[in-house]
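The values are calculated or read from the model by the stated rules, or taken from the named source; none is laboratory data. As the structure is a computational prediction, the values presented were derived from the model and not from experiment. So basically every Cβ, Gly included, is an ideal-geometry build from the backbone, and we count neighbours across all protein chains shown. Heavy atoms of the whole protein, side chains included, go into the accessibility calculation; ligands, DNA and RNA do not. Shrake-Rupley method; radii C 1.70, N 1.55, O 1.52, S 1.80 Å.
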Amino acid sequence: MHTSFAGKKIVIGVTGSIAAFKVAGWVSTLAKAEARVTVIMTDSAMRFVSPLTFASLSGEKVYTDMFADGPDMSHISLGMEADLFIIAPATAHTIAKLAHGLSDNLLTTTVLAARAKVIVCPAMNGRMYSHPATQANIATLKELNYQVIDPACGTMACKDEGQGRLPEWEQVQDVFLRAVSAGDLEGQRVLVSAGPTREHIDPARFISNRSSGKMGYALARTAYRRGAEVTLVSGPTHLPCPEGVTRREVQTAEDMRTAMMEHFPAATVIIKAAAVSDFRPETTHREKVKKGQAELSLELRANPDILRELGEIKDGTRQLLVGFAAESSDLLREGKKKLLKKNLDLIAVNDITRENTGFEADTNQITLIDHQDIIELPLVSKERTADLILDRIVALLQTRENPS
Ligand code: CTP
């Protein structure tokens, strides 16, 4: 179940704000991702961007006028057939009309007749956005089951500072993907750990490893796209928190253990993708150790094996526990051993001797081992790998629900 826009019918309603030009970029990206994008423009939207721009980018007819094509029923059919309806940018005026069920143009009429989920992306001057009337209308929209994406903060076209900017594509794409996905992780609470841990020697130095966090972050992002409620416990990385995901940042293995134990009871799927440092210095110096001070020898102590502890306390009927293993030989034997030793439901084994897999790479090649099957995944992007791992998790959850 690959989360993507390919083949999805998306209607985008564009209203009169300068941010309409940004939405041209969204339409272009969606069309390249093989979505079928139909744009409806209001009269004021056409004062900012020409319908020809959207028609050229989407390769589809752009709808502007309810009466232009004679007795056309497009206001009914467009909304009925869509997988997703996005209104972006949404002006204060269109928001007010939608909140009151007014339908005086093709866009508002189509929204009223739509069956698809409607996502509204407000964009306007910050004072207009924070005005109690606009805020009350947005609250009404939420009550009416519209999803509203908060505008971003920053300098607006009118040079005012404030909250009112249309967010960038990177901030909205996961929300849109979640809306068009099959939602096969809906109702699941997924807890992912990612990245390395840092074990401090002194205020300037630490022991760590090469983990970039990319695999764990891809898992968190794709689980959100597939409808899950996601918590990400992350060691230090340079990655931004994926949209819609709650992140808890930690440093040491001890911190990671505390955070995992705290979020574990509520979780239904737990994926331990973090590369936990197996050892920590026996003592952490409060002051920076001077190099002239004498020779420094480090006494190391083993860190707790968090995954193993989780395996000991997991509720086997309600929770599914997934581990990772980095191996350089005897992949299957080592993988199976860890699956049993740590009481896991699934283990993703990485061959760290191969090129383009594991640490820092953008691609991965994983072998999935569970108590029924061994599945060799292809060498693909970490995002695609995440989707394939989640496919297996969904299948295991389904077998658990309907054993036969
Ligand atoms: N893990 C953990 N806590 C640790 C070490 C590892 O939770 N202190 C988890 C990792 O998040 C990952 C799996 O265990 O899911 C990785 O195990 P790995 O490092 O491959 O194996 P180890 O159990 O450390 O065994 P060994 O080093 O002997 O291969």
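Brief remarks follow.
- Qualifying residue in the stretch 285-293 (condition: open to solvent by less than 90 Å² (accessible area, probe 1.4 Å), within 10 Å of the ligand (Cβ to nearest atom) and either under 16 Å from Ser234 (Cα atoms) or free of Cβ contacts under 8 Å to residues at least 60 places away in the same chain (or both)): no
- Options Thr399, Thr367, Thr357: the member that is in contact with a helix residue (DSSP H, G or I) (Cβ under 7 Å, 6 or more places away or on another chain) and polar (S, T, N, Q): Thr367
- Single residue of Ala253, Ala259, Ala228 found to be out of contact with any Ser or Thr (no Cβ under 6 Å at 6 or more places or on another chain), outside the structural domain of Trp169 (by TED's automatic domain parsing), within 15 Å of the ligand (Cβ to nearest atom) and not hydroxyl-bearing (Ser, Thr, Tyr): Ala259
- Counting only residues that are outside any loop (DSSP other than H, G, I, E, B) and modelled with pLDDT under 95, the stretch 290-324 holds 3 of them.
- If the condition is being more than 19 Å from the chain's Cα centre (by Cα) and either open to solvent by 10 Å² or more (accessible area, probe 1.4 Å) or farther than 19 Å from Cys121 by Cα (or both), then the stretch 1-18 contributes Gly7, Lys9, Gly16, Ser17, Ile18.
- Only one entry of Arg280, Arg221, Arg205 meets the criterion of being open to solvent by 50 Å² or more (accessible area, probe 1.4 Å) and within 15 Å of the ligand (Cβ to nearest atom), and that entry is Arg280.
- Filtered by the rule that a residue be open to solvent by 90 Å² or more (accessible area, probe 1.4 Å), within 15 Å of the ligand (Cβ to nearest atom) and touching a residue at least 24 places away in the same chain (Cβ under 8 Å), the stretch 301-336 gives Arg308, Glu312, Ile313, Lys336.
- Evaluation of Val23 against the conditions (1) touching a residue at least 24 places away in the same chain (Cβ under 8 Å); (2) open to solvent by 10 Å² or more (accessible area, probe 1.4 Å) shows that the sole unmet condition is (2).
- Condition met for Thr237 (open to solvent by less than 70 Å² (accessible area, probe 1.4 Å), within 13 Å of the ligand (Cβ to nearest atom) and over 15 Å from the mean Cα position of the chain (by Cα)): no
- Unmet requirement for Glu360, which otherwise passes all of (1) assigned to a loop (DSSP other than H, G, I, E, B); (2) surrounded by 15 or more Cβ atoms within 10 Å (Cβ to Cβ): (2)
- Criterion violated by Glu168 - all others in (1) crowded, with 18+ Cβ neighbours inside 10 Å; (2) on the phi < 0 side of the Ramachandran plot satisfied: (1)
- Verdict on Val269 being touching a residue at least 40 places away in the same chain (Cβ under 8 Å), surrounded by 12 or more Cβ atoms within 10 Å (Cβ to Cβ) and not assigned by TED's automatic domain parsing to the domain that holds Thr367: no
- Filtered by the rule that a residue be assigned to a helix (DSSP H, G or I) and open to solvent by 50 Å² or more (accessible area, probe 1.4 Å), the stretch 137-160 gives Lys142, Glu143.
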